[in-house]
Structure formats: structure tokens, C-alpha cells
1. Does the range 154-162 include one or more residues that are over 27 Å from Tyr106 (Cβ atoms), within 14 Å of the ligand (Cβ to nearest atom) and in contact (Cβ under 8 Å) with a residue 24 or more places away in the chain?
2. Specify the residue that is surrounded by the most Cβ atoms within 10 Å (Cβ to Cβ); the eligible residues are those in the range 55-66 that are more than 13 Å from the ligand (Cβ to nearest atom) and modelled with pLDDT of 95 or more.
3. Would you please list the contacts, defined by Cβ atoms under 8 Å and residues six or more apart or on different chains, that run from a residue in the range 186-214 that is acidic (Asp, Glu) and assigned to a loop (DSSP other than H, G, I, E, B) to a residue that is modelled with pLDDT of 95 or more and open to solvent by 30 Å² or more (accessible area, probe 1.4 Å)?
4. Looking at Gly282, Gly291, Gly257, which is the one that is more than 16 Å from the ligand (Cβ to nearest atom), under 18 Å from the mean Cα position of the chain (by Cα) and more than 26 Å from Ile377 (Cα to Cα)?
5. Only one of (1) within 20 Å of the chain's Cα centre (by Cα); (2) within 14 Å of the ligand (Cβ to nearest atom); (3) of a type in the set (Val, Ile, Thr); (4) outside any loop (DSSP other than H, G, I, E, B) is not met by Ile50, so which one is it?
6. Give the residue that is nearest to the ligand (Cβ to nearest atom), with candidates limited to residues of the range 163-203 that are among the small types (Gly, Ala, Ser) and surrounded by fewer than 22 Cβ atoms within 10 Å (Cβ to Cβ).
7. Do you know which residues across the range 204-222 are open to solvent by 10 Å² or more (accessible area, probe 1.4 Å), within 28 Å of Gly44 (Cα to Cα) and not basic (Lys, Arg)?
Amino acid sequence: MKWSHPAWIEIDVVQWVRNLCAIRKRIGTRRFCLPVKANAYGHGLSLAKIAQEIGIDLLGVSCLQEAARLRSQGISMPVLVFGAIHEDQIDDLLALDVELTISSKYKAELVARRCIFLQKKCRVHIEVDTGMQRTGVRPESVADLVSFMDGLKCFELIGLYSHLATSNVADDPFAKFQIAAFRSLTERFKVRQLVFHLANSGGIIHYPESYFDMVRPGLLCYGYCSQQHENFDAQILPCFCLKAKISYFKVVKEGEGIGYGRSYLTRKQTRIVTIPIGYGDGYRRSLAEGGKVLIRGKRFPIVGAICMDQLMVDIGEREAYVGDEVVLIGKQGKEEISLWEICHQAQSIPYEMLCGFNDRLPRVYLDSADHYKSSSIAQ
Ligand SMILES: *Cc1c(COP(=O)(O)O)cnc(C)c1O
């Protein structure tokens, strides 16, 4: 990091690697695809570099832009682009040497045209829609697509995958239906020796029968289960903290309005501290109502509207100084504000909340020396 900044995200790399190791234990020798889309779920792409060092098999991104960012950071390991292909991005995708998702004859044809023109081959996975109705070829059309792609002579077909719509709950009939539909495809195409993959985090947690040849857990790698209080593995814990430093302190008289719109009125003389983080960083306005922060190991309420760059906290009679560390997500002393708590407040989910924290917040990686370098999660 080049500049110091008074609000930041801390990532406990040792814990993150512990999460990956715990998942590796569960999946045995299957391949491990790590989704690092949306800035590694807000954790920052430095984790992708570590993933490369410790033997993750494949990184998953959503689009060209994300793939290009990985390559520009010197990450040379295999990358799979999950998202649908757009015609005007094909040349750039081919230049990045990433694995692509083919989900229709039309897309296959578009890519093939550029491959032939550029005299390139392309490693691809076929995406099958087993019921989510988002992207992917219908199961009954897979055979036709495969032979069509064989005929085009520019594809190295390495995988076949699908995505679960309801894996965040256990024992769900629709998840079971999708798994069965996918299983019958794996049987039909067994001779092709493809890498068959289906499980996201929910699949890992609730459906061991969804593991097949490779898994793609995102959220779980970052330490969260699909539901709060879910107890999948005691080793797997969050590794993300949101922190800031108090930037201002003032004593405010009784009956004063705090911030824009003066939506909060002090009921008596009190101490207000200002924290340099706001919705411009991804700390949402909806967190004002009932939101709390930790200062000196105690919880204090956010008061008034959250501004773009700042928010105010009422510390009552307590003591706090400019420069004190504030925890907005994470632990301080014996207190904790969990991401789940913040999600309830903002009527959001961990996925959305984590992706919402943007680049104005530097990511600080805590790794006790070379700790993680000795751990390999390669199969
Ligand atoms: C994002 C994504 C995943 C990871 O999902 P989680 O629920 O975070 O585990 C897996 N597969 C695909 C295709 C995805 O887009």
C-alpha cells in the first residue's frame, strides 16, 4: 500500500488459508476451483496470488475485466471465466489464455470464428442449465453441442458444469433434482473424461453427492456458511475486518441535530465522534438505523444519516480520542460485530455486503511471516 488511509479492511490470511485447508480435507483429491470474482468477494486480489502459491487448481472469475486484472497482476495459473461470452470481447479473452464457458451453439460459433482467424485453440467448459434458468444449454441439447464443437476443431473441451439454485438449504428437493440431472449427464459423457463440476458453497455444506470432480466454493472459502449459525466446520471462520480511525471528537449540547437532515437529536449533552467512512466506501446508509461500531471494546450507536465519506457515533459519557481504532465489522476486545449483524441491519446478505466495499478502502493483509507459504493445499 502506497498511502496510509484512515479506513481499511484487514484480511487475516492465516485464517483464510485455514479455511481452504478445511475445505480441501472435505473434498479429498477432487480439484479445487476458487472463485475470486468481485475482487475476491471484496477481500482483494492479493488472495489470488496466494491461491496460486499454495496450489489451488483453478481461479473463477465472472468476466473479461476480472480475468485481465488477474493476468496483469502476474497470475499465470488457469482461470475460468464463468460469465457468458460477448462477441466484442472474444479476441481479448483468447489473448489472456483463460478457459471459457460455452453455453450455446451460437456462442461456440462466435468463439470458433475468432479462433480460426487467429489460429488459436481454446480450452472450454460447457455450461448446462439443470434448472436455474439463467445461462447454460439444456441437458437434452448437450450431445448436439458437443458434436458441433468437435466439428469446429478449435476447442479443447475440458469440463462440463452446472450451477445450483437452492443449495443454501439442506435437503432441498430442487437441489436434489439438479444434482440427479447433472449426474445423468456425467454418466452419458463419461467417455470424454471431462472435469464435471457443480458444487458451490451450499453444495459443499449440504450435498456431498454434488462434489463430482471439482468444486467451486466462494463464500465458504472466505469463512461464511450460506446461513447464519450454520455449523459446517469449526475451522472455517471469517477473515475480514472493517476498521477506521476516529477523525474528530466534539461535545454536543442537548437538543442538537446530528448530520444531514438533523435526523437525530441529542437528548442530553453528549460526546460525538466522527469516523471517516461512509456509503462512498460501501458502508451503506441503511446501516444508520440501529447500526453499531466498537470503540475501546464497547458498542456505540451510529447517529444521524451516514454521509458519503463520514459517519457520526454517540459515545455518551465515555472516553475516546482522535486516532482511536474503530471496528465496524469484526472483533475488538470481547465484543464483536459480525458481518451477519450488518447484513440484518441492511437487509442484505454476506455476498452483497462484501462485494459492496470498494477500492477506496485499502486491503491490509495480516500474515504472520511466512506462515501460509509452508501450507500447501494441493491434492
Ligand atoms: C460465484 C459462483 C460460485 C461460487 O458460489 P458460492 O455460493 O460463493 O460458493 C460457483 N460457481 C459459479 C458458476 C459462480 O458464478
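The values are calculated or read from the model by the stated rules, or taken from the named source; none is laboratory data. Please read all numbers here as calculations on a predicted model, not as lab measurements. In this analysis, Cβ positions are derived from the backbone assuming ideal geometry, glycine residues included, and neighbour counts consider all displayed protein chains. What goes into the accessible areas is simple: the full protein's heavy atoms, side chains included, and nothing from ligands, DNA or RNA. Shrake-Rupley method; radii C 1.70, N 1.55, O 1.52, S 1.80 Å.
1. Looking only at the range 154-162, we keep the residues that are over 27 Å from Tyr106 (Cβ atoms), and these are none.
No, because not a single residue in the range 154-162 is over 27 Å from Tyr106 (Cβ atoms), within 14 Å of the ligand (Cβ to nearest atom) and in contact (Cβ under 8 Å) with a residue 24 or more places away in the chain.
2. Taking the range 55-66 and keeping what is more than 13 Å from the ligand (Cβ to nearest atom), we get 55-57, 64-65.
Filter again for modelled with pLDDT of 95 or more, leaving 56-57, 64-65.
Values: Ile56: 23, Asp57: 19, Leu64: 19, Gln65: 11.
Checked the range 55-66; the qualifying residue surrounded by the most Cβ atoms within 10 Å (Cβ to Cβ) is Ile56.
3. From the range 186-214, the pairs are Asp213/Arg30; Asp213/Arg31.
4. Gly282
5. (2)
6. Ala165
7. Applying the first criterion (open to solvent by 10 Å² or more (accessible area, probe 1.4 Å)) to the range 204-222 yields 205-206, 208-209, 211-213, 216.
Applying the additional criterion that residues be within 28 Å of Gly44 (Cα to Cα) yields 205-206, 211, 213, 216.
Once the filter is applied, which keeps residues that are open to solvent by 10 Å² or more (accessible area, probe 1.4 Å), within 28 Å of Gly44 (Cα to Cα) and not basic (Lys, Arg), the range 204-222 yields Ile205, His206, Tyr211, Asp213.
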